[in-house]
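Have a look at the structure below, then the notes.
The values are calculated or read from the model by the stated rules, or taken from the named source; none is laboratory data. Just so it is clear, the structure is predicted and the values come from calculations on it, not from any experiment. Virtual Cβ from ideal backbone geometry, glycine too; neighbours counted across all protein chains shown.
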Amino acid sequence: MNVLVIGGAGYIGSHVVYELADAGHKVTILDNFSTGLHENVDPRACLVEGDMQDHALVRSLLKKGDSCDKHQPFDAVFHFAALKAAGESMTHPEVFTEANLIATMHLLNLMSENDIRRFVFSSSAAVYGNPEYLPIDEAHPQKPINYYGYTKLAIEHTLEWYSKLKGLRFAALRYFNAAGYDVKGRVRGKEQNPANLLPIVMEVAAGNRDMMQVFGDDYPTRDGTCIRDYIHVSDLASAHLKAMDYLVNEDKDLVINLATGEGYTVLEVIREAEKVSGLSITRETTERRPGDPADLVATSTLALDTIGWKAQYSDIHTLVSSMWEVYK
Ligand code: WQD
């Protein structure tokens, strides 16, 4: 297959590009390198440096097809190029409107214009909002509590309409807490100024940050700290390939959680990192962070039933040790 991966130099996108190229697909990456890293680009992929908000560029790319050699039309588009800082989405919603909503809507129109009918979309656990029951399944009510989550949900709704009206076939993959690094060690670029737990823990262990904060230890959980469903990025990558195969073979849409059904507390993550690194992680316990639910875990049984996917690398040891390989 000839595929376009928008955001293919980013954290999740770069892992998916490696998997796609391993499986023999021809990959073109479009990335503006706002957060993507050149060192994460699979050398087998063809690279177009540019912004998906540059509609003329996207129009010509979709029209021309891959820019590597034969200019064959794209069979599918993967879209990872979005903003994801939930807190910032509440203070600067306009930026999220442009980058997440408008850019994606334009992309869908340009895909339609060029008769490209398969779309694999990075959705998020954030479409659900606060859990009304656990574990979260795909039928859980969708009430995002931040504008970031709303942008993902609004795109999912547009995808449903375009499926009905334009024959688009889409996979919306709702990631829970992505973490880890390529189990084959090929992606090694580190996120700058991370806000998520695992890279922060790694930076403290590696000495790039003096200490970290544990946001609250009085939650009703086994050790008082929040529980999250961490999913290894190599597991996410394999799910994307299976999702594309599903669109091709079944000619049906797919909306699935990508999670493990099992969660770890903040302290369990920190202790595992201390064990793996042999170093102590300096921390202080602070107030709860606003908007954090105590427990967020999800079922992925629908992913197993539809695309035969199950997490393989998302145990706490593999998650943490694959990251320490990069950060140490
Ligand atoms: C995990 C736990 C924190 C940092 C976010 C987005 C969500 C989705 C995944 C994309 C929480 C605690 C964290 C720190 C801490 N993104 N923590 N100290 O908030 O579960 O989910 O990423 O779709 O939309 O909101 O992830 O990594 O920020 O936090 O104690 O310095 O670690 O309170 O309990 P979160 P996270």
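Just name the residue that is surrounded by the most Cβ atoms within 10 Å (Cβ to Cβ) out of those in the stretch 24-61 that are among the charged types (D, E, K, R) and outside any loop (DSSP other than H, G, I, E, B).
Initially, the stretch 24-61 is screened for residues among the charged types (D, E, K, R), giving 26, 31, 39, 42, 44, 49, 51, 54, 59.
Then drop every residue that is not outside any loop (DSSP other than H, G, I, E, B), which leaves 26, 31, 39, 49, 59.
Working: Lys26: 19, Asp31: 28, Glu39: 11, Glu49: 14, Arg59: 16.
Taking the candidates together, the pick is Asp31.
Of the strands (runs of 3 or more DSSP E) that lie entirely inside the stretch 209-309, those containing 1 or more residues that are within 13 Å of the ligand (Cβ to nearest atom) and out of contact with any helix residue (DSSP H, G or I) (no Cβ under 7 Å at 6 or more places or on another chain) span 212-215, 230-232, 283-286.
Close contacts from the stretch 263-276, counting a first residue that is closer than 12 Å to Leu198 by Cα and a second that is near the ligand (Cβ under 9 Å from one of its atoms) and of a type in the set (D, E, K, R), with Cβ to Cβ under 7 Å and a gap of 6+ residues or different chains, come to Tyr264/Arg228; Ile270/Arg283. Selection of the stretch 209-254 for residues being assigned by TED's automatic domain parsing to the domain that holds Leu296, within 25 Å of Asn40 (Cβ to Cβ) and surrounded by fewer than 18 Cβ atoms within 10 Å (Cβ to Cβ) yields only Arg209.
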